[in-house]
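One structure is given below, encoded as structure tokens.
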């Protein structure tokens, strides 16, 4: 199997709203960013893949307009998933493994500001039995949080500590939306307070992947993808054990995460309670730096937030701050679907 | 770097209709998936990963339906992806699934594309009003009709060509039990007398709106060896995209289509498509796209595609049959149509196409496109494995 | 810099969803105040009854009645109900495992406050007054201290079973067109059509898209085009599109305004539809209060040569 690495990563400064910019206007600087980092131009890229959701901004086919930012001329080999960009990265990784391309551009964007993302996400739910009740994303996460509290796995002070740590760490991340001291606030849907929930905002991210020696040409210290896998669970919340994440554990196992300890983990846990679940499922001890970027609690551009976890983990390796990192992305209610990537830098 | 050869060992689809009122969305996809598994002699447990595709979520009002469909498609505990590349999505989905096998990430993959667009209304879904934008001055056909007129002008093709295609595809559909439109009393006169909707496109030359699903089981050499029926082998596959609109875009014969076909032919060692390929399932939503795509795909010189149609070459018993299944003109669940083209191509080289089988079809092209003539995905399948 | 344009956008449809037999039985049961679950091969009873076993993927269809009483397995207090949710007053979301079921159903619990709710508490269905065969036939749950209700052993067969549900859904968005389109709209208010030039390929895009699609760079230089232009291709529309107040037949054309490098779309008026031709020279006709030209009419100039516009089709 070919060695494939992330060789560049860029993201927007994630903000509450980007109403003065269209999606492609928001995305383009990030595409230019990764191309500049690598010195590549669009015609040099072997495959392009993106992630986004029509429902988020209320526009069908929105990704077709985002393609303008890539400059798809002459025509390019390109695909798109209606999922978080982490899965677009997975598709691109697969493409590079076939040998049909040596480099890939992966990007994702999402504007949560135009709509009410809490309500938009209800459209993901069983259309017959659940969606007609409109249980919003915070409510579902709160059900999971209460289950954790009932099981003795966490309590409100512990959740608040996750929130505080994330935003404190985010002060070092100029792209994050919520940085520094943020009040834990009142209950939004109890037991979750506003502080336990991710900020609502808009943003985009892009990554360049490269294979083998090409990766070394483009990046001093490539972040090699040692393993990547994703798994999905049953859809019904009442069928699952909400205090655990068997799909995250299985994905981690298949990705080789448990073979050796990691020093860093970037977890796509938009709610504090979900970090508790994932730490356990992914067997992350206290010696692991979790979400040094601040994680989704500091910036959560939906559809890009998972790709950003992989990008942040890679960036830590690029900078020499990390040697072996786990990056996680999630999709669906209460961590129904999970992706885990294990990244490593060359030995120092 | 060698790729694993990819074999299609199971194919299933639903009987496409205007509205399926007897099943849930899960029931619809399950029907196609179950038939593909049965055809492959496999069970849910034999599938390593699931890749689904469909057009915009608004058509059914379900966001990211892979989440709700995980249980129905036996995907619990497995990897599951959902592709969306507009109208070409059915084709792209199959290619993403094929890549998983080719890269040896998985051994056996279930791929499926569907649309249950009767739950809303396809016209509504395709034309959601956007503030500050000029309201679409014409329906979907209105978008393509000016390009058809441009083709007719460029080539001097006679007016009747469009109706010849529609007449052919609808007659072919009569031989395909799964096709939506079964117009038993169709005649060329009726097609030609049909009202002009967006001149030069007539009502009879447009595609229906259908509910339907199509599924395939893709596997590696080991899986193909175990399969109960002869596989179709993927000889080449590619995707190309170009911008929706740009200065100098050729809407009649988009560069992305040409480049995509060239890549597929190169992979498959096709030097002369007209000679080397036995039949084509191409995405023709409005009948004039048959001659246009014949040129775009290199089966005819520029300006000459209509001659193949007019002379009967593309008939089921012609020298280069096109859309033996009845094509998109007879069946159009939007998210599934691309995969139906790919699946029908595979049915042909497996000898499983029943009454619409092309005798001795060994290499057949499946083609899909979407957006404003923007996204193209194609594959060439054969009855023999590729040279390793 | 013009102020940011915003407008409401509602995406709304009454989705008609046909159901499978297990769903039909469950939802019809709710109409009849009977709660059904489905039994899996390994003997688990799933409520709500799903069509396919989450563990084995088998199709499951053995219906079994369960009680309308049960136990809360987790909950969350919703003090600010949102549109479409089961109750208008504060309530608890709950997962309830009904007596006889092995899995839990998501719904709302009507309780006086969060202090009255706890995992493990006993609840029962409060049926909606008007029931149609939908999950909302359960109006909500309410606290219940009595004995578990005994199911009557209903077979799951009903006269007049439902075959589908109507699930209207509306989502509201605030749409902003972005910088390039806002500038375009601003110029339109002055009856000027202004595109943007790509700094790399120098092509002028109308309407501007913010990015040059072939070069992938931001366009910025404002370039006024037209007002006149050439019809490059067209079609005659004979079917009235929904929501459009235009009499059929009408001509829908691609119009390359002078100075633009690609055609935009517009209606042709002021000439019998069957006299419209490729190469016709046209100019915009604005009406009071219209954001875009109402239509384009012939200027009277000689037709443009095919070569002049063939690249702009």
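The values are calculated or read from the model by the stated rules, or taken from the named source; none is laboratory data. Computed from a predicted model, the values in this text were never measured in an experiment. We place every Cβ from the backbone using ideal geometry, glycine too, and count neighbours over all the protein chains shown.
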*Considering the range C:107-122 alone, what residues qualify as being part of a helix (DSSP H, G or I) and surrounded by 17 or more Cβ atoms within 10 Å (Cβ to Cβ)?*
C:114
*How many residues are touching a residue at least 24 places away in the same chain (Cβ under 8 Å), within 10 Å of chain A (Cβ to nearest Cβ) and closer than 19 Å to residue A:237 by Cβ when one looks only at the range C:99-115?*
7
*Please specify each residue of the range B:227-263 satisfying the condition of being away from chain C (no Cβ under 14 Å), under 26 Å from residue C:198 (Cβ atoms) and crowded, with 20+ Cβ neighbours inside 10 Å.*
B:239, B:240, B:257, B:260
*What about residue A:79, is it away from chain C (no Cβ under 12 Å), outside any helix (DSSP H, G or I) and under 18 Å from the mean Cα position of the chain (by Cα)?*
no
*Among (1) within 18 Å of residue B:23 (Cα to Cα); (2) facing chain B (nearest Cβ under 9 Å) - the single one residue C:54 does not satisfy*: (1)
*Which one is surrounded by the fewest Cβ atoms within 10 Å (Cβ to Cβ) among residues in the range A:157-185 that are in contact with a strand residue (DSSP E or B) (Cβ under 6 Å, 6 or more places away or on another chain) and more than 17 Å from residue A:312 (Cα to Cα)?*
A:185
*Has the range C:276-288 got any residue that is facing chain B (nearest Cβ under 10 Å) and either out of contact with any strand residue (DSSP E or B) (no Cβ under 9 Å at 6 or more places or on another chain) or not in a loop (DSSP other than H, G, I, E, B) (or both)?*
no
_Looking at the range A:41-48, can you tell me whether even one residue there is over 27 Å from residue C:176 (Cβ atoms), modelled with pLDDT of 95 or more and in a strand (DSSP E or B)?_
yes
*Report whether or not residue A:269 is in the same structural domain as residue A:174 (by TED's automatic domain parsing) and not in a loop (DSSP other than H, G, I, E, B).*
no
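Is the range A:205-222 home to any residue that is part of a loop (DSSP other than H, G, I, E, B) and in contact with a strand residue (DSSP E or B) (Cβ under 7 Å, 6 or more places away or on another chain)?
Initial filter on the range A:205-222 (part of a loop (DSSP other than H, G, I, E, B)): A:219-222.
Filter once more, so that each one left must be in contact with a strand residue (DSSP E or B) (Cβ under 7 Å, 6 or more places away or on another chain): A:219, A:222.
Yes: the range A:205-222 contains one or more residues that are part of a loop (DSSP other than H, G, I, E, B) and in contact with a strand residue (DSSP E or B) (Cβ under 7 Å, 6 or more places away or on another chain).
Quick grid of which residues meet (1) within 14 Å of another protein chain (Cβ to nearest Cβ); (2) over 21 Å from residue A:237 (Cα atoms); (3) at pLDDT below 95:
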| position | (1), (2), (3) |
| --- | --- |
| A:259 | no, yes, no |
| A:262 | no, yes, no |
| A:268 | no, no, no |
| A:278 | no, no, no |
| A:284 | no, yes, no |
| A:289 | no, yes, no |
| A:304 | no, yes, no |
| A:322 | no, yes, no |
| A:340 | yes, yes, no |
_Candidates C:126, C:122, C:118 - the one that is within 10 Å of chain A (Cβ to nearest Cβ) and either closer than 11 Å to residue C:71 by Cβ or at pLDDT 95 or above (or both)_ = C:118
_Looking at (1) facing chain B (nearest Cβ under 10 Å); (2) touching a residue at least 60 places away in the same chain (Cβ under 8 Å), which one does residue C:35 not meet, given that it meets all the others?_
(1)
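Results for (1) within 12 Å of chain A (Cβ to nearest Cβ); (2) at pLDDT below 95; (3) within 30 Å of residue C:155 (Cα to Cα); (4) part of a strand (DSSP E or B), shown as yes or no for each residue.
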| residue | (1), (2), (3), (4) |
| --- | --- |
| C:23 | yes, no, yes, no |
| C:26 | yes, no, yes, no |
| C:73 | yes, no, yes, yes |
| C:81 | yes, no, no, no |
| C:89 | no, no, no, no |
| C:92 | yes, no, no, yes |
*Just a yes or no: is a residue in the range A:4-27 in contact with a helix residue (DSSP H, G or I) (Cβ under 7 Å, 6 or more places away or on another chain), closer than 16 Å to residue A:215 by Cα and assigned to a helix (DSSP H, G or I)?*
no
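Quickly run through the range B:37-46 and pick out the residues that are surrounded by fewer than 24 Cβ atoms within 10 Å (Cβ to Cβ) and either in a helix (DSSP H, G or I) or at the interface with another protein chain (Cβ under 9 Å from one of its Cβ atoms) (or both).
B:37, B:38, B:39, B:43, B:44, B:45, B:46
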*Among the residues of the range B:121-134, write down those that are at the interface with another protein chain (Cβ under 7 Å from one of its Cβ atoms) and either under 12 Å from residue C:13 (Cβ atoms) or modelled with pLDDT under 75 (or both).*
B:123, B:124, B:125, B:128
_Taking the conditions exactly as written (without any contact (Cβ under 8 Å) to a residue 12 or more places away in the chain and assigned by TED's automatic domain parsing to the domain that holds residue A:177), does residue A:263 satisfy them or not?_
no
*Would you mind finding the one in A:132, A:191 that is touching a helix residue (DSSP H, G or I) at 6+ places or on another chain (Cβ under 6 Å), surrounded by 21 or more Cβ atoms within 10 Å (Cβ to Cβ), without any contact (Cβ under 8 Å) to a residue 24 or more places away in the chain and more than 22 Å from residue A:294 (Cβ to Cβ)?*
A:132
*In the range C:201-212, residue modelled with the lowest pLDDT [restricted to those that are away from chain A (no Cβ under 14 Å) and at negative phi]*: C:206
*Considering the range C:123-147 alone, what residues qualify as being farther than 30 Å from residue C:19 by Cα and surrounded by 17 or more Cβ atoms within 10 Å (Cβ to Cβ)?*
C:144
*What about residue B:166, is it part of a loop (DSSP other than H, G, I, E, B), more than 14 Å from chain C (Cβ to nearest Cβ), in contact (Cβ under 8 Å) with a residue 24 or more places away in the chain and under 23 Å from residue B:333 (Cβ atoms)?*
no
_Total residues in the range B:26-49, condition touching a residue at least 40 places away in the same chain (Cβ under 8 Å), under 24 Å from the mean Cα position of the chain (by Cα) and within 22 Å of residue A:231 (Cα to Cα)_ = 7
*Which of the residues spanning the range B:67-119 are at positive phi and crowded, with 24+ Cβ neighbours inside 10 Å?*
B:74, B:86
*Which of the residues spanning the range C:213-264 are within 14 Å of chain A (Cβ to nearest Cβ) and not in a loop (DSSP other than H, G, I, E, B)?*
C:217, C:218
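Could you list all residues from the range B:150-163 that are facing chain C (nearest Cβ under 7 Å) and either in contact (Cβ under 8 Å) with a residue 60 or more places away in the chain or surrounded by 22 or more Cβ atoms within 10 Å (Cβ to Cβ) (or both)?
B:150
Can you tell which of A:124, A:146 is away from chain B (no Cβ under 14 Å) and surrounded by 21 or more Cβ atoms within 10 Å (Cβ to Cβ)? Walk me through it before giving the result.
Details: A:124 fails: away from chain B (no Cβ under 14 Å).
Only one candidate passes the filter, namely A:146.
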